[in-house]
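Below you'll find the structure, written out as structure tokens, and then a few comments.
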Amino acid sequence: MMLEEKMAGEITISEDPGAAIRKWREEFGVSKHELATYLDISPSVISDYESGRRKSPGVSSIRKIVNALIEIDRARGGNLIRRYTSGVPSDALLDIRDYDHEVALDEIIKAIRGTNVSNVATSRHVMGYTIVDGIKAILSFSYSEYSVLYGWSSQRVICFTEVKMGRSPMIAIRVHPLKPAAVVYIQAGRIDELAVKLAEIENIPLITTELDHKAVSRMLSGIA
């Protein structure tokens, strides 16, 4: 099923269509004003739909709202579209974004208050980032699905949550032909020496941060 059909269907059959519209708008990170501007209507109309003050929009209006959210995301690079259409479980792939220019890895490390625990230089640039649930990725990703983590370019930072010792993510990266520019462990437990050793063998900086994945996502998406 296409993403547009999934969204439109969910809103249409929902007992609270306004709440469903709000859920998808917030999922896409689109403000009421931005959506209203795209649809050439007043932001108050969006507010009235979402709060239930206005009668639920008809099928035609729902389709316009859905298409607007899709087009806004596509104009931003299509990051959320790829997340939902990648074939990878959406609860495992937490965030993925590509930059339109190179970003210094050191800038990213600073933004997430990261610490380089490997003996690998961080003087390199990246073109995007991916945040993934480490446990769900190991349990559910097939070999081919790991390629989805790299978006448009492997020149990126891959961030893992739910890391206990750090072995499994680095082993997965070790055996896959595509290599990221850097790996970040989010709120990790004790980092095993093997994880650090594998990072150094692959010449991949291994970074840790105590920020949670939502904060990391917010910091990285804010880098322009």
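Miscellaneous remarks
- Under the condition of being within 23 Å of the chain's Cα centre (by Cα) and over 22 Å from Ser217 (Cβ atoms), the residues counted in the range 179-196 number 1.
- Here the range 1-50 is the region considered, the condition is being among the small types (Gly, Ala, Ser) and modelled with pLDDT under 90, and the residue that is farthest from Ile70 (Cα to Cα) is Ser14.
- Residue check, Tyr49 closer than 27 Å to Ile96 by Cβ, touching a helix residue (DSSP H, G or I) at 6+ places or on another chain (Cβ under 8 Å) and among the hydroxyl-bearing types (Ser, Thr, Tyr): no
- Across the range 190-204, the number of residues qualifying as part of a helix (DSSP H, G or I) and either β-branched (Val, Ile, Thr) or not assigned by TED's automatic domain parsing to the domain that holds Ser118 (or both) comes to 2.
- Hits in the range 32-41 (condition: exposed (fewer than 13 other Cβ atoms within 10 Å of the Cβ) and on the phi < 0 side of the Ramachandran plot): His33
- Restricting attention to the range 151-181, the residues being at positive phi and of a type in the set (Gly, Ala, Ser) number 2.
- Test set (1) within 28 Å of Val132 (Cβ to Cβ); (2) more than 19 Å from the chain's Cα centre (by Cα); (3) buried (at least 17 other Cβ atoms within 10 Å of the Cβ); (4) at pLDDT below 90 - Val66 fails condition number: (4)
- Among the conditions (1) surrounded by fewer than 18 Cβ atoms within 10 Å (Cβ to Cβ); (2) in a helix (DSSP H, G or I), Arg113 misses just one, which is (2).
- Tally, over the range 162-201, of residues that are charged (D, E, K, R) and touching a strand residue (DSSP E or B) at 6+ places or on another chain (Cβ under 9 Å): 2
A quick yes/no check of all residues on (1) buried (at least 18 other Cβ atoms within 10 Å of the Cβ); (2) in contact (Cβ under 8 Å) with a residue 40 or more places away in the chain; (3) more than 21 Å from the chain's Cα centre (by Cα):
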residue	(1), (2), (3)
Glu4	no, yes, no
Asp16	no, no, yes
Ala20	yes, no, no
Glu26	no, no, no
Pro43	no, no, yes
Gly52	no, no, yes
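- Of all the criteria given as (1) closer than 26 Å to Leu80 by Cβ; (2) at pLDDT below 85, the one not satisfied by Arg190 is (1).
- Of everything listed in (1) at pLDDT below 75; (2) buried (at least 20 other Cβ atoms within 10 Å of the Cβ), the single unmet condition for Ser86 is (2).
- Here Ile72, Ile13 are screened, and the one residue that is β-branched (Val, Ile, Thr) and within 24 Å of Asp95 (Cβ to Cβ) is Ile72.
The values are calculated or read from the model by the stated rules, or taken from the named source; none is laboratory data. Because the structure is a prediction, the values reported are computed rather than measured. We place every Cβ from the backbone using ideal geometry, glycine too, and count neighbours over all the protein chains shown.
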